Each structure stands twice: as C-alpha cells, then as structure tokens.
Amino acid sequence: MHSSQSDLKNLSPQEKENASSMLLLLGAGLLTIILWNVPYGQFILYPFTILGTWFHEMGHGLTAMLVGGTFHKLELYPNGSGVAYSSLAEGSRLGRAATAAGGLIAPALFGVLLIILGKKRKWAKAGLLGLGGFILLSVLIWVRSLFGFGIMTLLGAAIITIAVKGKDGLRFFMVQFLGIQAWASMYMSVDYMFSDKAHVGGAVHLSDTAAIADQLFLPYWVWGGLISIFAILLLLVSLWVAFRKG
C-alpha cells in the first residue's frame with residue numbers, strides 16, 4: 001500500500017490528468033453498458049442508443065461490402081432498433097459469418113480508433129470531422145427510414161459543429177466519449193451476445209453469434225465469448241496508446 005501511494009505521488013501532473021481521463025472514460029463506458037441493460041435505460045441514453053444502433057448496423061453493411069457483397073440500405077426506428085439490408089453471393093458461408101460478426105466487431109474497431117484519435121489536438125478534430133462527415137454520408141447513401149434520416153442528420157451536424165466550433169478540451173472529451181459509446185454499443189444488450197435469437201421489427205431472427213455458428217462451427221455462446229475477449233483486448237490497447245506517457 002505504501003509503495004502504491006508513493007508511486008501516485010511521483011506521477012507528473014500530465015500523468016495524473018491522463019489517469020483521471022482514462023478512469024472517467026472507463027466509468028462512462030461501464031455506466032453506458034449498465035444503463036443500456038436496465039429497464040428504460042436505452043431511453044435515458046436515447047441519442048447514444050440511436051448512435052449505437054447506427055454503429056452496429058453500419059458494421060454489418062460495411063463488412064458485407066468488404067467481403068464482396070452489396071450494402072443496400074439501413075433503417076433506424078424510434079424504439080432504438082434498426083436493420084441493415086445486404087446481399088452476398090450464394091454459398092458464401094465465410095462471408096455471411098463475417099457480415100454477422102461485423103455488427104459486433106466493427107463498432108469496437110470504430111471505437112478504439114476514436115479513443116486513440118483523442119491523444120492529440122489535430123487528431124481529435126479530424127476524428128470528429130471524420131465521424132460527423134461519415135454519418136452524413138451514410139444518410140445520403142444508405143439510411144432509408146424517415147426517422148433515421150432525420151436523427152442521423154442532426155447527430156452528424158452536431159458532431160461537426162463541435163469539431164469546428166468547440167474548444168480543444170471539448171473536442172478531446174467528445175471524440176473519446178463517442179469512441180467509448182461505439183465500443184460499448186456491442187453490449188447494448190449483453191444477453192444478445194450469448195443468445196441464439198433476436199427480435200427485430202416484431203419478427204424473430206438468429207442473433208449475430210448464432211448466425212456465425214450457423215455458417216461455421218462452435219456454439220453461438222463460444223463466439224460471443226471470443227468476440228467479447230477480442231473487444232476488451234482492443235479497448236486495452238487503445239487506452240494504452242491514447243494515454244501512455246509521451
């Protein structure tokens with residue numbers, strides 16, 4: 001205990017500020033996941049719930065494009081749910097598995113990139129401009145529900161406004177906060193990662209992890225565990241890069 005207290009006292013002001021920022025970021029992520037998984041929590045965090053759904057569904061659509069398929073459209077609904085419509089070549093089992101996994105993994109990748117971009121002033125501004133611009137681009141190309149068109153236009157414009165008009169402190173905070181929101185969106189419903197069914201638009205579908213298992217091998221809950229471990233490792237790496245000395 002004495003050694004730990006001594007180490008804390010020997011930290012420079014910048015190191016103490018970095019440690020506080022990292023703890024605040026982790027706390028925000030944990031609180032977000034908790035609220036998303038309690039009654040009415042998704043409505044308490046409503047704008048971030050919609051943004052989290054956007055990250056998830058864009059992950060599906062963009063992954064489909066990466067494996068040679070077509071991303072047709074994205075629909076977002078007022079209850080916080082959404083669906084991405086894509087198509088792949090017949091018999092593309094690996095592509096279908098990757099597309100299913102993309103809704104879980106891609107948001108984590110988006111998130112850790114934004115957290116890392118919060119390390120420097122120019123990076124933070126560029127990260128916010130990039131995210132806001134990409135949201136607006138997605139509205140023009142893929143978003144096809146009236147609700148989704150309206151709310152994602154507002155969110156994209158708000159993020160760009162912060163990038164252009166906000167002070168450095170706000171930019172640093174927002175790019176990393178949005179990063180932790182993107183990362184946490186894979187846990188918007190923790191039990192979804194370890195369930196074989198999902199309810200979307202009143203219909204029952206395979207969950208993402210069950211869809212992976214259906215196309216490849218191993219039970220769905222194993223895929224849920226492996227993806228969770230991978231996402232946590234990504235977060236730890238991003239925090240090390242973003243907050244390490246120098």
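The values are calculated or read from the model by the stated rules, or taken from the named source; none is laboratory data. The structure presented is a predicted model; accordingly, all values stated were derived computationally and were not measured. Using ideal geometry, Cβ is built from the backbone for each residue, glycine included, and neighbour counts are taken over all protein chains shown. SASA here: full protein model, heavy atoms, side chains in, ligands and nucleic acids out. Shrake-Rupley method; radii C 1.70, N 1.55, O 1.52, S 1.80 Å.
Going by what's in this entry, would A184 be described as small (G, A, S) and touching a Ser or Thr at 6+ places or on another chain (Cβ under 9 Å)?
Taking the combined requirement at face value, the residue satisfies it.
Residues to consider are H56, H72, H60; find the one that is open to solvent by 20 Å² or more (accessible area, probe 1.4 Å), over 27 Å from W221 (Cα atoms), touching a strand residue (DSSP E or B) at 6+ places or on another chain (Cβ under 8 Å) and not basic (K, R). Step through it out loud before you land on a result.
Values: H56 fails: over 27 Å from W221 (Cα atoms); H60 fails: over 27 Å from W221 (Cα atoms).
When all the criteria are applied, what remains is H72.
Return the pairs, sorted by first residue and then second, in which the second residue is not aliphatic (A, V, I, L, M), the first residue lies in the stretch 169-180 and is part of a helix (DSSP H, G or I), the beta carbons are less than 6 Å apart, and the residues are 6+ apart or on different chains.
R171/K125; F172/G118; V175/G118; V175/G127; Q176/G118; G179/G111; I180/G29
Which pairs turn up if I take residues in the stretch 146-168 that are part of a helix (DSSP H, G or I) and look for partners that are open to solvent by 50 Å² or more (accessible area, probe 1.4 Å) with beta carbon separation below 6 Å, at least 6 apart in sequence or on another chain?
F147/P78; G156/L136; A163/K125; A163/L129; D168/R121
Can you tell me which residue within the stretch 31-46, out of those that are in contact (Cβ under 8 Å) with a residue 12 or more places away in the chain and open to solvent by 60 Å² or more (accessible area, probe 1.4 Å), is farthest from the chain's Cα centre (by Cα)?
Going through the qualifying residues, I end up with F43.
Can you name every residue in the stretch 192-204 that is on the phi < 0 side of the Ramachandran plot, touching a residue at least 60 places away in the same chain (Cβ under 8 Å) and open to solvent by 10 Å² or more (accessible area, probe 1.4 Å)?
The answer is V200, and nothing else.
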